[in-house]
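Here's the structure, in structure tokens; my notes come after.
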Amino acid sequence: MLLSDNWRIQQYEVGEKPPLTIADADLDDRFWISASVPGDVHSTLIERKLIDHPYYGHNDINSRWVEQKEWWYRTRFQMDSDPTKQERWELIFEGLDTHATVYVNGLEIGTASNMHRTYVYDVSRVIRQGKNTIAVRFDPLYLHHRDKALMQWSSYTKERPWIRKAAMNYGWDWGPRIVTVGIWGKVRLERHVQAKLEGVYAYTKRCDNQEADIKVELEAKKYRGCGHLTYRARLLDENQQVVAQADDELLSGKVGFDLQVSQPQLWWTHDLGKPYLYQLETVLYADGVEIDRREQRIGIRTVELVLEDEHGQPAFAFHINGVKMFAKGSNWIPVDNLIGAAPDSRYKHLIMLGVEANMNMLRIWAGGIYEKDVFYDLCDELGLLVWQDFAFANALFPDYNADFVENVRQEAICNIQRLRNHASLALWCGNNEIDWLYDMKSSSGEITTPFYGETIYHDILPELLEQLDPARQYWPSSPYGGNDANDPNHGDRHNWQVWHGSVYPRKFGEVPLLDYSVEGVTFKNYKNDFTLFSSEFGMHASATKYTLERHIPEDQFYWGSVEMAYRNKDTNHQKGILLMEGFTGVPQDLDEYIQFSMLTQAEGLKYGIEHYRRNKARTSGSLIWQHGDSWPGTSWSLIDYELLPKASYYYARKFYHPLLLSLNHEPGELLELWVINDHLSSLNGLVILEVYDMQGHSIHRMELHADVEANGVVKLGEWDEKQVLQDLPPEQAVLKLSAPAWECLDNVYYLRDAKDVQLRSSSIHASYNEETQQLLVQANDAVARMVQILIPQGNVRMSDNYFDLLPGEQRTIDIRQANGQVLEYQHITVSALNAEEVPATLTR
């Protein structure tokens with residue numbers, strides 16, 4: 001029974017009413033506020049128009065009072081009969097945020113103290129035939145940390161280490177403080193007779209194209225009077241045909257067995273093959289009668305994190321089904337600050353955007369949540385690997401407190417058991433940046449205490465994983481490894497030299513240095529990074545104009561306003577100015593800020609990731625910080641809060657494409673032409689390098705034959721800048737790479753920074769065909785730099801945007817509104833950095 005209807009909420013001052021009075025089954029709650037479950041208090045108050053939306057202007061400050069109150073949820077449900085002695089009825093909460101007391105029919109049945117856990121309460125002796133009432137009291141969180149010792153280090157706020165909830169609720173450098181409260185997961189009532197399946201764990205011991213060996217571990221919980229237990233497990237393919245089966249007695253409540261599959265279909269990331277899923281059906285019988293069953297999808301695959309290459313040198317590379325892959329992806333933060341109310345559709349849109357950008361991995365960052373089931377289900381289906389952090393980010397945690405440690409232990413058990421069957425789950429990681437930052441902060445004297453929390457990541461979590469998920473590897477922290485946890489020669493690395501100005505190289509014990517200068521923060525520093533795996537890096541860009549306009553008061557909608565600054569939660573706003581100063585020049589108005597910041601982010605990520613991919617023999621992955629936004633702000637995201645991709649997203653479709661044509665060049669240095677092939681088959685064909693001036697005249701053309709091995713990289717040649725450009729000044733050159741016979745994307749380069757490129761005035765013509773939902777764009781007079789298509793509407797998908805056009809060149813863009821709403825095509829406008837904005841004409 002899913003209990004999602006007829007919920008109501010009400011607030012009280014702490015201690016205002018005796019709890020049993022509010023929990024009483026017969027309390028008249030007709031005048032309480034109707035609420036949605038799953039959800040949260042903020043979302044309910046917004047929906048009922050009791051508070052202004054906290055994402056608009058400074059309204060989040062006006063709703064801070066919510067976290068100071070005591071909140072109650074209540075609902076009722078009907079039972080057809082009284083429970084029998086053979087039955088067990090369990091009330092299950094998949095998400096309680098955060099310190100809660102649960103009552104059924106006026107009786108207290110248990111408490112909760114962790115947003116990240118599922119809570120299961122036996123209510124067999126409490127529920128009854130007829131009407132039943134559930135009441136849940138949520139304490140304000142200050143009651144549970146005000147008497148605790150504060151940690152010396154906890155980024156953004158001191159109280160959060162004691163509270164097991166999403167750290168980003170307290171604010172981060174990309175989002176506001178909105179401390180949520182409420183029932184954020186599903187609530188259901190389950191009935192079991194004699195016994196129930198506690199867990200079914202399946203993993204691939206070995207596999208190839210001929211045979212696979214699947215290990216299955218089954219655990220059942222027996223109740224008093226339980227009969228003779230047996231089980232049957234069947235593995236079914238996509239056509240519901242049984243490919244393997246096992247059945248036997250279940251004597252001790254636990255059993256392990258193997259399923260052998262002939263000619264298995266392997267699960268691959270979508271870029272390497274098909275993410276094939278089988279269905280594992282497990283049925284539990286008592287005296288021959290079915291009493292419980294589990295049905296879950298599993299993939300047959302192996303994923304290994306290899307830490308030493310074939311030459312005995314350090315590595316950090318994921319191998320799927322024995323194939324070394326280059327991990328291409330981004331870091332995932334919660335899809336909304338109001339997590340419980342976020343619809344599943346938002347997950348689908350964001351994950352599909354990742355697939356369409358040729359990503360094959362997402363990292364669940366430690367300052368959010370262990371994601372909802374819909375996230376992992378979609379990654380299984382669509383072929384994306386998941387790097388899963390445990391929920392510990394940027395702070396010391398009180399591992400000296402036994403109650404806290406037990407709470408963490410149960411959190412880990414809950415989530416390991418919930419997620420371990422997902423084919424997409426590739427790696428467990430202990431924390432985000434804690435080992436690295438602890439050393440830096442203790443070296444600078446900011447921290448003088450022991451490394452509180454260390455036992456969690458280095459003892460408790462690996463021990464639990466060895467028991468509960470031995471098939472997956474564990475990594476203690478990110479970054480981690482080497483002499484300094486951020487050592488490029490060992491483990492994974494977070495490159496925050498770019499943007500944050502962190503000075504490297506550094507070793508353990510050295511005082512950290514920051515360089516806030518054009519040279520210190522520039523993305524040109526990526527080429528100095530020969531990391532084994534870049535798991536976090538990036539730079540800010542503005543949200544789209546539509547997104548900003550929706551959430552900023554009209555009189556503040558200009559560059560340099562207080563409200564524009566409020567969109568940026570990062571420390572030292574000068575970093576973004578310095579980045580633009582070095583590449584585009586400093587913007588003078590809002591439109592220039594949006595354009596310049598987007599171009600800097602897009603070209604900067606292209607610069608860094610193409611460098612990493614050219615060095616794929618050493619570097620095995622790049623995960624951009626960050627994928628999406630949890631509110632409408634200025635951040636590192638590729639996709640803004642209204643699900644509108646930034647310029648960097650469209651660039652990612654190209655620089656993450658499995659087949660990449662790439663130029664390596666710096667002013668005055670040799671120009672190198674590379675081909676990177678992530679496909680599992682070799683390629684040969686013609687690669688063309690063409691040089692144009694700003695009027696689109698062809699200056700020089702080179703045709704080169706390329707042989708590229710499977711999963712390989714090759715440099716086709718190197719030339720002096722003058723040899724390639726002839727007599728054309730580099731400030732006036734546009735270079736285009738193409739391979740007409742291959743399924744790859746053209747790549748365009750300018751040989752000088754954007755501020756130094758001598759663009760000429762261009763013009764654009766655009767026409768939209770309502771029937772085909774296609775926009776035809778053409779540049780005239782001169783090269784059009786960063787053509788931008790704007791529609792004043794959220795969640796719009798385009799086949800391309802923020803691209804360059806040669807004069808006379810046309811491009812056809814498919815456009816749709818992803819939520820199925822009517823596309824506001826009448827308001828399409830097109831512009832470029834060097835072309836005035838024009839409306840699209842309408843055709844049929």
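Which numbered condition trips up residue 483, out of (1) over 24 Å from residue 331 (Cα atoms); (2) modelled with pLDDT of 95 or more; (3) out of contact with any helix residue (DSSP H, G or I) (no Cβ under 9 Å at 6 or more places or on another chain)?
Single failed check for residue 483: (2).
Within segment 414-434, identify whether any single residue is within 22 Å of residue 624 (Cβ to Cβ), assigned by TED's automatic domain parsing to the domain that holds residue 333 and among the acidic types (Asp, Glu), and answer yes or no.
yes
Looking at (1) farther than 17 Å from residue 624 by Cβ; (2) within 10 Å of the chain's Cα centre (by Cα); (3) in a loop (DSSP other than H, G, I, E, B), which one does residue 370 not meet, given that it meets all the others?
The one condition residue 370 does not meet is (2).
For the condition crowded, with 17+ Cβ neighbours inside 10 Å and touching a Lys or Arg at 6+ places or on another chain (Cβ under 8 Å), what is the one hit in 235, 266?
Among 235, 266, only 266 is crowded, with 17+ Cβ neighbours inside 10 Å and touching a Lys or Arg at 6+ places or on another chain (Cβ under 8 Å).
Can you tell me how many residues in segment 622-679 are polar (S, T, N, Q), touching a Gly at 6+ places or on another chain (Cβ under 9 Å) and in the same structural domain as residue 731 (by TED's automatic domain parsing)?
1
Check 464, 437, 468 and return the single one that is in contact with a strand residue (DSSP E or B) (Cβ under 8 Å, 6 or more places away or on another chain) and in the same structural domain as residue 397 (by TED's automatic domain parsing).
468
Which ones in segment 124-152 are aliphatic (A, V, I, L, M) and surrounded by 21 or more Cβ atoms within 10 Å (Cβ to Cβ)?
Within segment 124-152, 134, 135, 136, 141 meet the criteria.
Just the residues that are outside any loop (DSSP other than H, G, I, E, B) and either in contact with a strand residue (DSSP E or B) (Cβ under 6 Å, 6 or more places away or on another chain) or over 14 Å from residue 172 (Cα atoms) (or both), please, taken from segment 622-638.
Selection gives 622, 623, 624.
More than 23 Å from residue 510 (Cα to Cα), touching a Leu at 6+ places or on another chain (Cβ under 6 Å) and either assigned by TED's automatic domain parsing to the domain that holds residue 426 or in a strand (DSSP E or B) (or both): which single residue out of 452, 474 fits that description?
After applying the criteria, what remains is 474.
One residue is enough: does segment 239-253 have a residue meeting the conditions touching a Lys or Arg at 6+ places or on another chain (Cβ under 7 Å), part of a loop (DSSP other than H, G, I, E, B) and modelled with pLDDT of 95 or more?
Scanning segment 239-253, I find no residue that is touching a Lys or Arg at 6+ places or on another chain (Cβ under 7 Å), part of a loop (DSSP other than H, G, I, E, B) and modelled with pLDDT of 95 or more, so the answer is no.
Could you list, in sequence order, all residues of segment 801-844 that are outside any strand (DSSP E or B), farther than 26 Å from residue 746 by Cα and in contact with a strand residue (DSSP E or B) (Cβ under 9 Å, 6 or more places away or on another chain)?
Residues satisfying the conditions are 818, 823, 824, 825, 826, 827, 844.
For residue 360, are the conditions met, namely being under 30 Å from residue 145 (Cα atoms), touching a residue at least 12 places away in the same chain (Cβ under 8 Å) and among the polar types (S, T, N, Q)?
Answer is no for this residue.
Being part of a loop (DSSP other than H, G, I, E, B) and either surrounded by 13 or more Cβ atoms within 10 Å (Cβ to Cβ) or among the hydrophobic types (A, V, I, L, M, F, W, C) (or both) narrows it down to one of 735, 728, so name that one.
Result: 728 is the single residue among 735, 728 that is part of a loop (DSSP other than H, G, I, E, B) and either surrounded by 13 or more Cβ atoms within 10 Å (Cβ to Cβ) or among the hydrophobic types (A, V, I, L, M, F, W, C) (or both).
Residue by residue through segment 271-282, note down the ones that are not hydrophobic (A, V, I, L, M, F, W, C) and not in a loop (DSSP other than H, G, I, E, B).
275, 278, 279, 281, 282, listed by residue number.
Which numbered condition trips up residue 41, out of (1) surrounded by fewer than 18 Cβ atoms within 10 Å (Cβ to Cβ); (2) of a type in the set (Val, Ile, Thr); (3) closer than 25 Å to residue 177 by Cβ?
Just one mismatch for residue 41, condition (1).
How many residues are in contact (Cβ under 8 Å) with a residue 24 or more places away in the chain and polar (S, T, N, Q) if we restrict to segment 453-476?
Residues in segment 453-476 being in contact (Cβ under 8 Å) with a residue 24 or more places away in the chain and polar (S, T, N, Q): 2 in total.
State which residue is nearest to the chain's Cα centre (by Cα) when the search covers only segment 611-645 and only residues that are surrounded by 24 or more Cβ atoms within 10 Å (Cβ to Cβ) and charged (D, E, K, R).
Among those residues, the one meeting the criterion is 629.
Are there helices (runs of 4 or more DSSP H) fully within segment 1-91 with at least 1 residues that are under 30 Å from residue 175 (Cα atoms) and among the acidic types (Asp, Glu)? List them.
41-47, 59-62
Checking the conditions here, which among 428, 365 is crowded, with 24+ Cβ neighbours inside 10 Å, over 30 Å from residue 281 (Cβ atoms), hydrophobic (A, V, I, L, M, F, W, C) and at pLDDT 95 or above?
So the residue among 428, 365 that is crowded, with 24+ Cβ neighbours inside 10 Å, over 30 Å from residue 281 (Cβ atoms), hydrophobic (A, V, I, L, M, F, W, C) and at pLDDT 95 or above is 365.
For segment 254-270, how many residues are hydrophobic (A, V, I, L, M, F, W, C) and either at pLDDT below 95 or in a loop (DSSP other than H, G, I, E, B) (or both)?
2
Does segment 189-231 hold any residues that are of a type in the set (Asp, Glu) and in a strand (DSSP E or B), and which are they?
Result: 190, 198, 211, 213, 217, 219.
Condition first: under 15 Å from the mean Cα position of the chain (by Cα), without any contact (Cβ under 8 Å) to a residue 60 or more places away in the chain and surrounded by fewer than 21 Cβ atoms within 10 Å (Cβ to Cβ). Now tell me which residues in segment 335-346 satisfy that.
Residue satisfying the conditions is 344 alone.
I need the strands (runs of 3 or more DSSP E) fully contained in segment 95-176, keeping only those with at least 2 residues that are without any contact (Cβ under 8 Å) to a residue 40 or more places away in the chain.
99-104, 107-113, 119-122
Using the structure shown, decide if residue 118 is closer than 30 Å to residue 470 by Cα and not assigned by TED's automatic domain parsing to the domain that holds residue 40.
No, not satisfied.
Quick check on this structure: which one of 229, 235, 259 is among the aliphatic types (A, V, I, L, M) and within 25 Å of residue 373 (Cα to Cα)?
The conditions single out 235.
Only one of 521, 562 is aliphatic (A, V, I, L, M), more than 23 Å from residue 365 (Cβ to Cβ) and either surrounded by fewer than 24 Cβ atoms within 10 Å (Cβ to Cβ) or modelled with pLDDT of 95 or more (or both). Can you tell me which?
The match here is 562.
Of the residues in segment 243-262, how many are surrounded by fewer than 17 Cβ atoms within 10 Å (Cβ to Cβ) and either in contact with an Asp or Glu (Cβ under 9 Å, 6 or more places away or on another chain) or of a type in the set (Ser, Thr, Tyr) (or both)?
Counting residues in segment 243-262 that are surrounded by fewer than 17 Cβ atoms within 10 Å (Cβ to Cβ) and either in contact with an Asp or Glu (Cβ under 9 Å, 6 or more places away or on another chain) or of a type in the set (Ser, Thr, Tyr) (or both) gives 8.
When segment 736-795 is examined, which residues are found to be more than 30 Å from residue 686 (Cα to Cα), β-branched (Val, Ile, Thr) and touching a helix residue (DSSP H, G or I) at 6+ places or on another chain (Cβ under 7 Å)?
791
Just checking, does segment 742-755 include any residue being farther than 29 Å from residue 667 by Cβ and surrounded by 15 or more Cβ atoms within 10 Å (Cβ to Cβ)?
Within segment 742-755, one or more residues are farther than 29 Å from residue 667 by Cβ and surrounded by 15 or more Cβ atoms within 10 Å (Cβ to Cβ).
The values are calculated or read from the model by the stated rules, or taken from the named source; none is laboratory data. Quantities reported herein were computed from a predicted structural model and do not represent experimental measurements. Neighbour counts run over all protein chains shown; Cβ positions are idealised from the backbone, glycine included.
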